[in-house]
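Here the structure is laid out as structure tokens; the discussion comes afterwards.
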Amino acid sequence: MNEFKPVQFVDVALEGEFWRERLETVLTRTIPTQHVQLGKHGILQSLTLPNPPPLKSAPNQHNFVQVFWDSDAGKWIEAASYALSHRPGADIEARIEKIVDDLENAQAADGYLNCWYLQREPDKRWTNLRDYHELYNLGHLLEGGIAYFLATGRRRLLDILERYVDHVRETFGPNPGQKHGYCGHQEIELALVKLYRLTAERKHLDLAAYFINERGRQPHYFDQEAVARGENPSDFRAKRYEYNQSHRPVREQTKVVGHAVRAMYMFSAMADLAAELNDDSLKKACEVLWADVMTSKIYITSGLGSAAANEGFTEDHDLPNDTAYAETFASVALISWAHRMLHLDLDGRYADVMEQALFNGALTGLSRDGEHYFYSNPLDSDGRHSRWAWHTCLCCMMNSSRLIASVGSYFVSASQDAIAFHLYGGISTNIRLATGNVFLRETSAYPWFGSIRIEVRPDAPAEFAVKLRIPGWAHEAEASVEGHPIDVEACTRNGYLSISRLWNAGDTITLELPMPPERIYAHPKVRQDIGRVALKRGPLVYCVEHVDNPGGRVQQLKLPRDAWIETEERGDLFDGVVTLTAPAKRVVDQGWGASLYRNAPPVVSDCRLIALPYYLWNNRAKGSMQVWLLES
């Protein structure tokens, strides 16, 4: 399998304007205000034992709001730790250390640490893995502890959580007296692989593999668990175990079903284990499931999950635009899966999806001011869909901040004798190869423009390969080294241009990725998009928004098939963006009167359409929005 490993977030500096702006917003506004919200709504107080605070928001019938609050603290610690790697701050460290104090005080003598159960239902711990998220909570706390250690070297939180992992290892497993279970919401598996990679202790990898391999086996653990609680398994609120992907063993699953985030987390862990264990059966299962998503279940924005009822998937090609759930968290999780698939095979199709989800599905979730969020991301709105400052389920708040603060870790990978660039946008990094240390600086105004310059500075002249992703949307790319042209087509394999040579300090690669506006059409089986067209430029999907297109709802616009689409640099919008403009038609109600129907068609007037990147919508005035335009 692929020998490339991601370069850690602590070793990548974001220098380009696009990511520096987003990072600065997250550092100065998002992470601090999220901490305030955690305190305001009782999440931080819920970590204090032995006396639990009053419940500050009404839980639903499953207590879902309260029982996974530990995970929200873990996600915040993770995001804040990534922030510390960019800009050390005593105030942020102090806030993290206060949470660590509370967790250390709360931890039971046997290592167990779940504040809901320790405070309120100590006799019921490990009795409802299907619904109550204990292992999910641990997973996110553990990811936070690992990030905090990598950013600061502090390992007290990691020590606390490793004791909890030891308790879990004693509790779960195949041996007599152990529980033969797994979490209803996948996440612990990802965290355990991260812990294994940090510590090189095989026991963590084995526990992750156990949870994945046990999932979906018969007799079904969730049935047995429900009976032990005195419940009828058929009373499960989701009714079917497709909801949490435990309906059959993971290697037998061929269709992507159920809750979108849970699925993406599970597939990410399967890819991790395939890589670490050289497990071809897990790799094959991932490839089959990947193909199912890509051919029938993904929005053009890389949104996942068409239905709010299960926060997930329905039947093939069911991709409604105005009711799209497309949870921000699911796009973040898709980035995780794509990144891991990329490290099974260095194949640009995985990086294409990772990039598409990053710029369209995930970035949309956080407002420009850094303090408002989208939970769901429709592709068509009448103006009522808007961002919120708070949500009783905090998933998308924390995942937006931890993704942006750690985005540097998705840019570059390295093997012993090669360096691979997956994303562009202005970074610098130091990478250790078998031949020695190499400093690299990638400079670009990406994603707005495709002119990319990479400076290569090995400590001493050395032979190695630099591989540059040529995005699937980039046609007729051009490249050169020290001014000497390279045959891009001949030197590109699986979406990566490979340049192998003796490198000297100061050698420079240039890459030109043309970015003309494109029209995109959906498969005819996607009934909601028949007769419609979407606009895309480079990695960015565009939309039309009422604030740029006054005169009625944008759903009344039509784009002629032969209309010439132009780009326009707009320094007056969001610190500088590129918009798309085109001559268009608008259906108007001129002369219609009070009648609901009539024999004559409506009047169509000429207008000029303005489209902006989808991730920026709903950052100004409220109003209608549409991605898929009627084409005339």
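The values are calculated or read from the model by the stated rules, or taken from the named source; none is laboratory data. Since the structure is predicted, the reported quantities are computational estimates derived from the model, not experimental observations. Here the Cβ is made from the backbone with ideal geometry for all residues, glycine too, and neighbour counts use every protein chain on show.
Looking at the stretch 229-238, is at least one residue within 23 Å of residue 124 (Cα to Cα) and among the aliphatic types (A, V, I, L, M)? Talk me through it step by step, then tell me what you get.
Of all residues in the stretch 229-238, those within 23 Å of residue 124 (Cα to Cα) come to 229-238.
With the extra rule that they be among the aliphatic types (A, V, I, L, M), the set shrinks to 238.
Scanning the stretch 229-238 turns up at least one residue that is within 23 Å of residue 124 (Cα to Cα) and among the aliphatic types (A, V, I, L, M).
Would you mind stating whether residue 353 is buried (at least 24 other Cβ atoms within 10 Å of the Cβ), in a helix (DSSP H, G or I) and hydrophobic (A, V, I, L, M, F, W, C)?
yes
Is it fair to say residue 135 is more than 21 Å from the chain's Cα centre (by Cα) and either on the phi > 0 side of the Ramachandran plot or aliphatic (A, V, I, L, M) (or both)?
So residue 135 fails the test.
If I filter the stretch 327-334 for residues that are outside any helix (DSSP H, G or I), under 15 Å from the mean Cα position of the chain (by Cα) and under 17 Å from residue 245 (Cβ atoms), do I get at least one hit?
Checked against the condition, which is being outside any helix (DSSP H, G or I), under 15 Å from the mean Cα position of the chain (by Cα) and under 17 Å from residue 245 (Cβ atoms), the stretch 327-334 yields at least one hit.
Test residue 301 against the criterion of being of a type in the set (S, T, N, Q), surrounded by fewer than 23 Cβ atoms within 10 Å (Cβ to Cβ) and either in a loop (DSSP other than H, G, I, E, B) or in contact (Cβ under 8 Å) with a residue 40 or more places away in the chain (or both), and give yes or no.
no
Find all pairs meeting these conditions: Cβ atoms under 7 angstrom apart; at least six residues apart or on different chains; first residue within the stretch 22-46 and in a helix (DSSP H, G or I); second residue among the polar types (S, T, N, Q).
Between residues of the stretch 22-46 that are in a helix (DSSP H, G or I) and residues that are among the polar types (S, T, N, Q), the close pairs are 26/401; 30/401; 31/401; 34/401.
Find the residue count for the stretch 252-263, including only residues that are in a helix (DSSP H, G or I) and touching an Asp or Glu at 6+ places or on another chain (Cβ under 9 Å).
Count: 3.
Might you let me know whether the stretch 80-93 holds any residue that is under 27 Å from residue 20 (Cα atoms) and acidic (Asp, Glu)? Outline the logic, then answer.
First, pick out the residues of the stretch 80-93 that are under 27 Å from residue 20 (Cα atoms): 80-93.
Going one step further and asking which of them are acidic (Asp, Glu), we end up with 91, 93.
Scanning the stretch 80-93, I find at least one residue that is under 27 Å from residue 20 (Cα atoms) and acidic (Asp, Glu), so the answer is yes.
When the stretch 268-298 is examined, which residues are found to be part of a helix (DSSP H, G or I) and of a type in the set (D, E, K, R)?
272, 276, 280, 283, 284, 287, 292
Among (1) part of a loop (DSSP other than H, G, I, E, B); (2) at pLDDT 95 or above; (3) of a type outside the set (Val, Ile, Thr); (4) over 19 Å from residue 213 (Cα atoms), which single condition is residue 239 missing?
With respect to (1) part of a loop (DSSP other than H, G, I, E, B); (2) at pLDDT 95 or above; (3) of a type outside the set (Val, Ile, Thr); (4) over 19 Å from residue 213 (Cα atoms), residue 239 is out only on (2).
If residue 254 satisfies every condition in (1) more than 18 Å from residue 214 (Cβ to Cβ); (2) in contact (Cβ under 8 Å) with a residue 60 or more places away in the chain but one, which is the exception?
(2)
Results for (1) over 30 Å from residue 345 (Cα atoms); (2) of a type in the set (Ser, Thr, Tyr); (3) assigned by TED's automatic domain parsing to the domain that holds residue 470, shown as yes or no for each residue.
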position: 483; (1), (2), (3): yes, no, yes
position: 498; (1), (2), (3): no, yes, yes
position: 528; (1), (2), (3): yes, no, no
position: 549; (1), (2), (3): yes, no, no
position: 553; (1), (2), (3): yes, no, no
position: 569; (1), (2), (3): yes, no, no
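Cβ-Cβ distance below 7 Å, separation of 6 or more or different chains: which pairs start in the stretch 159-177 with a residue that is more than 12 Å from residue 206 (Cα to Cα) and end on one that is among the acidic types (Asp, Glu)?
Correct list of pairs: 160/104; 167/110.
Is it the case that the stretch 479-489 has a residue that's closer than 30 Å to residue 577 by Cβ, surrounded by 14 or more Cβ atoms within 10 Å (Cβ to Cβ), free of Cβ contacts under 8 Å to residues at least 24 places away in the same chain and of a type outside the set (S, T, N, Q)?
So in the stretch 479-489, the residues closer than 30 Å to residue 577 by Cβ come out as 479-480, 488.
From the residues that got through so far, the ones that are surrounded by 14 or more Cβ atoms within 10 Å (Cβ to Cβ) too are 479-480, 488.
Among the residues that remain, those that are also free of Cβ contacts under 8 Å to residues at least 24 places away in the same chain are: 488.
Among the residues that remain, those that are also of a type outside the set (S, T, N, Q) are: 488.
There is at least one residue in the stretch 479-489 that is closer than 30 Å to residue 577 by Cβ, surrounded by 14 or more Cβ atoms within 10 Å (Cβ to Cβ), free of Cβ contacts under 8 Å to residues at least 24 places away in the same chain and of a type outside the set (S, T, N, Q).
So how many residues does the stretch 285-337 have that are hydroxyl-bearing (Ser, Thr, Tyr) and under 12 Å from residue 267 (Cβ atoms)?
Selection size over the stretch 285-337: 1.
Can you tell me how many residues within the stretch 575-601 are touching a residue at least 12 places away in the same chain (Cβ under 8 Å) and out of contact with any Asp or Glu (no Cβ under 9 Å at 6 or more places or on another chain)?
5
Test each condition in (1) in a helix (DSSP H, G or I); (2) closer than 15 Å to residue 185 by Cα for residue 132 and report the one that comes out false.
(1)
Out of the residues in the stretch 142-168 meeting the condition of being basic (Lys, Arg) and not in a helix (DSSP H, G or I), tell me which one is surrounded by the fewest Cβ atoms within 10 Å (Cβ to Cβ).
Only one residue tops the list, namely 155.
What strands (runs of 3 or more DSSP E) completely inside the stretch 412-458 contain at least 1 residues that are more than 25 Å from residue 340 (Cα to Cα) and not assigned by TED's automatic domain parsing to the domain that holds residue 542?
Of the strands (runs of 3 or more DSSP E) lying wholly inside the stretch 412-458, those with at least 1 residues that are more than 25 Å from residue 340 (Cα to Cα) and not assigned by TED's automatic domain parsing to the domain that holds residue 542 span 436-444, 451-458.
Scan the stretch 331-347 for residues that are of a type in the set (Gly, Ala, Ser) and crowded, with 24+ Cβ neighbours inside 10 Å and jot them down.
First, the residues of the stretch 331-347 that are of a type in the set (Gly, Ala, Ser): 331, 333, 336, 338.
Answer for the stretch 331-347, where residues must be of a type in the set (Gly, Ala, Ser) and crowded, with 24+ Cβ neighbours inside 10 Å: 331, 333, 338.
Could you list, in sequence order, all residues of the stretch 408-439 that are under 16 Å from residue 16 (Cβ atoms) and aromatic (Phe, Trp, Tyr)?
The first filter runs over the stretch 408-439 and keeps only residues under 16 Å from residue 16 (Cβ atoms), leaving 408-412, 421-429.
Passing the criteria: 410, 411, 421, 424.
Taking the options 321, 310, name whichever one is modelled with pLDDT under 95 and in a loop (DSSP other than H, G, I, E, B).
Answer to the selection: 310.
Answer yes or no: is there a residue in the stretch 207-223 that is in contact with a Ser or Thr (Cβ under 9 Å, 6 or more places away or on another chain), exposed (fewer than 15 other Cβ atoms within 10 Å of the Cβ), more than 19 Å from residue 284 (Cα to Cα) and of a type in the set (A, V, I, L, M, F, W, C).
Looking for residues that are in contact with a Ser or Thr (Cβ under 9 Å, 6 or more places away or on another chain), exposed (fewer than 15 other Cβ atoms within 10 Å of the Cβ), more than 19 Å from residue 284 (Cα to Cα) and of a type in the set (A, V, I, L, M, F, W, C), one finds none in the stretch 207-223, hence no.
Name the pairs whose Cβ atoms lie under 6 Å apart, with the first residue in the stretch 552-569 and within 15 Å of residue 531 (Cβ to Cβ) and touching a residue at least 12 places away in the same chain (Cβ under 8 Å), the second hydrophobic (A, V, I, L, M, F, W, C) and assigned to a helix (DSSP H, G or I), and 6 or more positions between them or separate chains?
Short answer, once both residue conditions are applied: none.
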